[in-house]
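*Asks:* Could you have a look at this structure, given as structure tokens, before my questions?
Only the coordinates and a few stated rules stand behind these numbers; no lab work does. Remember, it's a predicted structure, so these values are computed and weren't measured experimentally. Methodologically, a virtual Cβ is constructed for each residue, glycine included, from the backbone with ideal geometry; neighbour enumeration extends over all protein chains shown.
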Amino acid sequence: MKPREGQGREGTAADRRPVGNGNGRNDVGRWKVERSGRADVTVLANPERGFTERKDEEAAPIPEELWEAIVRCDASYDDRFIYAVRTTGIFCKPSCKSREPNRANVRIFSNARQALDAEFRPCKRCKPTGERLPDQEWVAQIKLCIEANYAETLTLHVLADMCHGSPYHLHRTFKRITGQTPVEYVQRTRVAKAAELLLRTNRTVADIALAVGVPNPAYFTTLFRTVTGQTPGDYRKANNETIEEVLPSGSEI
């Protein structure tokens with residue numbers, strides 16, 4: 001059974017029960033995952049229930065059988081479907097030992113090719129394509145994950161869990177490929193997003209700090225000055241003055 005955050009990987013005897021529908025049958029084989037010909041739609045087809053189309057940005061329903069297979073890391077389903085997680089951009093086999101994803105963020109595919117076509121990347125841990133993920137591609141995956149989740153709490157352990165690797169290996173590989181640590185990349189991403197908000201909005205520095213994942217305004221100011229050489233207030237003032245000098249009076253940005 002997949003561990004939730006802060007939970008070990010050992011489940012109870014009940015957790016190791018075979019996946020089923022409660023009546024002794026296994027109905028997952030009756031679900032067929034297809035593509036509708038539109039990139040934004042996933043189709044779940046069942047001979048008894050017809051076809052269900054849902055836009056992928058919506059919370060598409062996942063058959064209970066498939067969800068239970070994911071939660072229990074059931075390898076017997078590995079040749080039946082692949083699942084991807086929107087917030088990490090990664091797809092896995094049902095048997096993957098990664099942390100249990102948020103069900104609302106999961107997409108189901110019938111094979112790895114479909115997940116790749118939808119621009120998801122293969123998990124480094126369970127290798128759903130059958131091939132080892134090159135380090136360069138894994139680092140690109142990590143960067144995308146940071147850029148999509150910079151406003152959340154991103155420790156090295158959390159990031160490693162999201163990107164399906166060990167903290168030590170992730171740290172070492174990321175620094176070797178990029179020349180900076182994952183934490184440094186997180187900090188620079190937050191500062192870059194904060195700089196955009198400083199120029200495009202009238203929000204306070206404290207509000208912006210919170211919006212980019214740094215709840216302590218004093219620490220945010222120190223971090224911002226370390227990266228840019230200016231405090232947030234000075235950065236906003238200097239750049240706004242530059243814009244006013246370039247644009248004619250009354251012009252809109």
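*Asks:* Report the label-to-label distance for Glu119 and Ala211 in nanometres (one decimal), using points 7 Å from each Cα along the Cα→Cβ vector.
*Replies:* Computed distance between label sites Glu119 and Ala211 equals 2.3 nm.
*Asks:* Give me the three principal axis extents of the stretch 147-246 from the C-alpha atoms, as integers in angstrom, largest value leading.
*Replies:* So the three principal-axis extents are 49, 24, 21 Å.
*Asks:* Please give the length that would be gained between Ser166 and Glu184 if that part of the chain were fully extended, namely 0.36 nm times their separation in residues minus their C-alpha to C-alpha distance (nm, one decimal). Walk me through the numbers on the way to the answer.
*Replies:* Values: separation 18, 0.36 × 18 = 6.48 nm, distance 1.79 nm.
Gain on stretching Ser166 to Glu184: 4.7 nm.
*Asks:* Filter Lys127/Lys193; Lys143/Lys237; Lys193/Lys237; Lys93/Lys193; Lys97/Lys193 down to the pairs with a C-alpha to C-alpha distance above 22 Å, please.
*Replies:* Lys127/Lys193; Lys143/Lys237; Lys93/Lys193; Lys97/Lys193
*Asks:* Next up: Take peptides 150-162, 83-95 and line them up by average Cβ neighbours within 10 Å, highest first, as a rough protection proxy. Provide the component values of the computation, followed by the final result.
*Replies:* Values: 150-162: 16.7, 83-95: 23.2.
By packing density, highest mean first, the sequence is 83-95, 150-162.
*Asks:* Here's another thing I want to ask about it. Quick one: give the max-minus-min coordinate of the C-alpha atoms of the stretch 136-201 along each principal axis, largest first, in Å.
*Replies:* Each principal axis gives a Cα extent; for the stretch 136-201 these are 38, 21, 16 Å.
*Asks:* What ranking do 117-125, 223-231 get when scored by the average of other Cβ atoms within 10 Å per residue, highest first?
*Replies:* Top of the packing list down: 117-125, 223-231.
*Asks:* Where the centre of each part is set by its Cα atoms, how far does the stretch 87-125 sit from the stretch 147-162, in angstrom?
*Replies:* For the stretch 87-125 versus the stretch 147-162, the Cα centre distance is 17 Å.
*Asks:* Compute the FRET efficiency between Asp234 and Thr155 as 1/(1 + (r/R0)^6), taking r as their Cβ-Cβ distance and R0 = 30 Å, and round to the nearest 0.05.
*Replies:* On the way: r = 30 Å, r/R0 = 0.99.
That pair, Asp234 with Thr155, gives E of 0.50.
*Asks:* While we're on this one: Can you pull the one-decimal nm distance between simple spin-label points at Lys127 and Arg176, each 7 Å off the Cα toward Cβ?
*Replies:* Computed distance between label sites Lys127 and Arg176 equals 1.7 nm.
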